[in-house]
């Protein structure tokens, strides 16, 4: 008994061979695409967008003075006093950069707020004073990249990157806290102490 004519005909065999060749070509094409996607993924992981963020030295007259701990959760602070207090702030999710924050603080008050700080990638704090209970910590504690510029550091979780218009640290006590500063004056006449004034 001979096979059905539809299976043994030359046209049927040709269609089967074409289908097989098409599958081989499709598999080859998919292999090339997978390899290209793998290379692209590896290239993306080392691109500048994912490079390690660094600390900006400052702009607009402000100079970076260090990473400080936030004080809102510390015991002994009144009403959750912040590390930078006595000023203004803004939060810009997806947009914050060091330059934007320092420009914002420089525009505040007549000559700008003395201190500017960035926290949690998107928060900018401008202040006249740096709370004495805020301690300087390792720069590596401020590890979060800015929302608006992933190449810059913008503080951390309860860590604030602090900039100072004077470029020096001179933390002061908050209202109700004693700064503990006493000046002594001594009057000396002909080598003898006449009076000691506090």
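Please treat every number below as a calculation from the coordinates, not as lab data. Every value quoted in this text rests on a predicted model; they were computed, and no experiment measured them. Glycine gets a Cβ as well: all are built from the backbone with ideal geometry, and neighbour counts include every protein chain shown.
Output the peptides 110-123, 145-158 sorted from most to least packed, where packing is the average of other Cβ atoms within 10 Å over each peptide's residues.
110-123, 145-158
Can you give the FRET efficiency to the nearest 0.05 for residue 158 and residue 90, using r as the Cβ-Cβ distance and R₀ = 22 Å?
E(calc), rounded to 0.05, equals 0.70.
Over all distinct alpha-carbon pairs, what is the Kirkwood Rh of the range 63-164 in angstrom?
About 13.1 Å for the range 63-164.
For residue 54 and residue 103, FRET efficiency with R0 = 22 Å and r from the beta-carbon atoms, rounded to 0.05?
After rounding, the FRET efficiency stands at 0.65.
Using 0.36 nm per residue of separation minus the Cα-Cα distance, give me the extension gain between residue 137 and residue 150 in nm, one decimal.
Result: 2.5 nm gained on full extension.
Extension gain residue 111-residue 73, at 0.36 nm per residue separation less the Cα-Cα distance, in nm?
10.6 nm
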